[in-house]
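The values are calculated or read from the model by the stated rules, or taken from the named source; none is laboratory data. Note that the structure is a prediction, hence the values are computed from the model and not measured. Using ideal geometry, Cβ is built from the backbone for each residue, glycine included, and neighbour counts are taken over all protein chains shown. Please note that ligands, DNA and RNA were not included when accessible areas were found on the heavy atoms of the full protein model with its side chains. Shrake-Rupley method; radii C 1.70, N 1.55, O 1.52, S 1.80 Å.
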Number of protein chains: 2
Amino acid sequence: MHNEFSTQNGVPEIIREMADVAAAETLPHFRQPLHIENKLENGSEGASNDFDPVTIADKNTEAALRKLINQRFPDHGILGEEYGAENLQAEFVWVLDPIDGTRLFVSGLPLWGTLIALCHKGTPILGAMIQPVLGEIFVGAGSHAWLENTKSKAPLTRLATRQHETLGQATLFTTDPAILANGERARYDQLEQSCQLYRYGADCYGYAMVASGFADLDVEAGLQIYDIAALIPIIEAAGGKVTTWQGNPVRGLEKHERLQVLAAANETLHAQALAILDK
Amino acid sequence: MHNEFSTQNGVPEIIREMADVAAAETLPHFRQPLHIENKLENGSEGASNDFDPVTIADKNTEAALRKLINQRFPDHGILGEEYGAENLQAEFVWVLDPIDGTRLFVSGLPLWGTLIALCHKGTPILGAMIQPVLGEIFVGAGSHAWLENTKSKAPLTRLATRQHETLGQATLFTTDPAILANGERARYDQLEQSCQLYRYGADCYGYAMVASGFADLDVEAGLQIYDIAALIPIIEAAGGKVTTWQGNPVRGLEKHERLQVLAAANETLHAQALAILDK
């Protein structure tokens, strides 16, 4: 890997620059009155399943990140949630979700994150999750994952997943079981009931806690690649494993009908969860 | 009200002292390996509904707050989640939940809070919610509610609830609909489906967002008075309304079988939610 994308010695400089961009574009809009658009054309007032909010903060953050990438890496491609694809045939492609957890953002909760992945021929090789309110940068590549806090004096923390070996000891995250499809829900429910603790509503932050050793599983469905690409190198560099519900690697840049993701703190838990989800 | 408990000019000094105590007792344990006890005697590994975690951080925080209260206000009573009741017949009683959202705490998410209420003859007259990771103190009494951030340079913020007037514009919080009882769930579900957006998993932080104008409703059941007493003066001083699902004031210090709470940003939304919940 290019040295400038290595995490061997901590957060790469380009990620720290991107974190500054994310903070500059998101924080002025957080906990402010916002015009909230609904991305679902047929969404109607008062039907919570038809409401997919997007704000000027989502759009401006992605636009600013794309500008930085185009300036610095003119040969690289970009795939972003808000502004789509450019130059996807490039060897290196950046995959961006400017605000993962827009519902959290518009509700005032500081658990949303800016997700940035660098993919090499469709495989995420560097990932970062940035939480500007807390000043947190979670980053991972290869075998080195870190949490840096740009606001506190906390030392740089090497991330390592937890080694619980049974579901009965495990903490499970999912954003909202109600958004699972019919065939998915029963399997998810069986997994949830097998775990010691579950939590809803954390979006990308749940994956960051798996990477950090404070949770063991994060299971979701209906994702797009930009919802998860950045989190894969972080979790895997910290010792975890991320696959589909069929146990396949999460790769590629194509649009998904319904991407199902299982992130686990270790191989043992991954196998136990997969045995329930892949039925 | 005693001047020392007034919020007319911002956060009372005693609350700021209590926030320092809460930070000192919780932060050294947050995101650290912790011995987690299960408060439910019959709880078993791998049954998430039987797991009610408590940590040394919960216990030490309450003990330190009780010590401070006993030193400073020897005539006052105390009711706390971890160490129970003392001198409840006093005119003034402090109601404490040292860590509301222990499940969040042990999962690494910084949305838990230290809840402190001062009750006068059973009525909460001063409330504070403290989130030490973020450095936030939400406080309210009478007609003045505030957010002070002890870590950032953000100015003291006067809290005011949002004035959305229909459920179709509203954001609803609940911690977990699965913990509602049979008779409660259908009414809750109808309310959820009437709202524009719902979020799970925020515990006390959802109520703070109602007070702050970033959400409109928080609806829960199965609470004890220490889960909600501190939040009532904050929400009401910011312009909101908090009652039971029958529309009664939430008062008193007795143990509840199943306290049902409806917090709303304004009278109009409160009435609309009550029409669904009080069936």
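Worth a mention:
- Residues that are assigned to a loop (DSSP other than H, G, I, E, B) and within 14 Å of chain B (Cβ to nearest Cβ), drawn from region A:119-144: A:PRO132, A:VAL133, A:LEU134, A:GLY135
- In the set (1) surrounded by fewer than 22 Cβ atoms within 10 Å (Cβ to Cβ); (2) assigned to a strand (DSSP E or B), B:ALA90 fails one condition alone, (2).
- Residue check, A:ASP203 in contact (Cβ under 8 Å) with a residue 60 or more places away in the chain, assigned by TED's automatic domain parsing to the domain that holds A:ALA271 and not polar (S, T, N, Q): yes
- Evaluated against (1) more than 30 Å from B:ASN38 (Cα to Cα); (2) buried (at least 24 other Cβ atoms within 10 Å of the Cβ), A:ASP218 falls short on exactly one condition, (1).
- Selection of region B:242-261 for residues being in contact with a helix residue (DSSP H, G or I) (Cβ under 6 Å, 6 or more places away or on another chain) and either open to solvent by 60 Å² or more (accessible area, probe 1.4 Å) or under 13 Å from B:GLU184 (Cα atoms) (or both) yields B:TRP245, B:VAL261.
- Residues located in region B:196-242, provided they are part of a strand (DSSP E or B), within 14 Å of chain A (Cβ to nearest Cβ) and of a type in the set (Gly, Ala, Ser): none
- Residue match in region B:191-213 (condition: among the hydrophobic types (A, V, I, L, M, F, W, C) and open to solvent by 10 Å² or more (accessible area, probe 1.4 Å)): no
- Figure legend. Inter-residue proximity from region B:64-86: first residues over 15 Å from B:ALA229 (Cβ atoms) and assigned by TED's automatic domain parsing to the domain that holds B:ASN38, second residues assigned to a loop (DSSP other than H, G, I, E, B) and not hydroxyl-bearing (Ser, Thr, Tyr), beta-carbon distance below 7 Å, spacing 6+ or different chains. Indicated pairs: B:ASP75/B:ALA90.
- Scan of region A:154-195 for residues that are under 28 Å from A:SER107 (Cα atoms) and within 12 Å of chain B (Cβ to nearest Cβ), ordered by number: A:ALA154, A:THR171, A:LEU172, A:PHE173, A:THR174, A:THR175, A:ASP176, A:PRO177, A:ALA178, A:ILE179, A:ASP189, A:GLU192
- Unique residue being open to solvent by less than 10 Å² (accessible area, probe 1.4 Å), over 13 Å from the mean Cα position of the chain (by Cα) and within 14 Å of another protein chain (Cβ to nearest Cβ) when the list is A:LEU111, A:LEU104, A:LEU147: A:LEU104
- Condition met for B:ILE116 (more than 14 Å from chain A (Cβ to nearest Cβ), within 25 Å of B:GLY10 (Cα to Cα) and in a helix (DSSP H, G or I)): no
- Evaluation of B:THR268 against (1) open to solvent by less than 10 Å² (accessible area, probe 1.4 Å); (2) among the β-branched types (Val, Ile, Thr); (3) not in a strand (DSSP E or B) (one fails), failing number: (1)
- Some residue of region B:78-85 being hydrophobic (A, V, I, L, M, F, W, C), part of a strand (DSSP E or B) and open to solvent by 50 Å² or more (accessible area, probe 1.4 Å): yes
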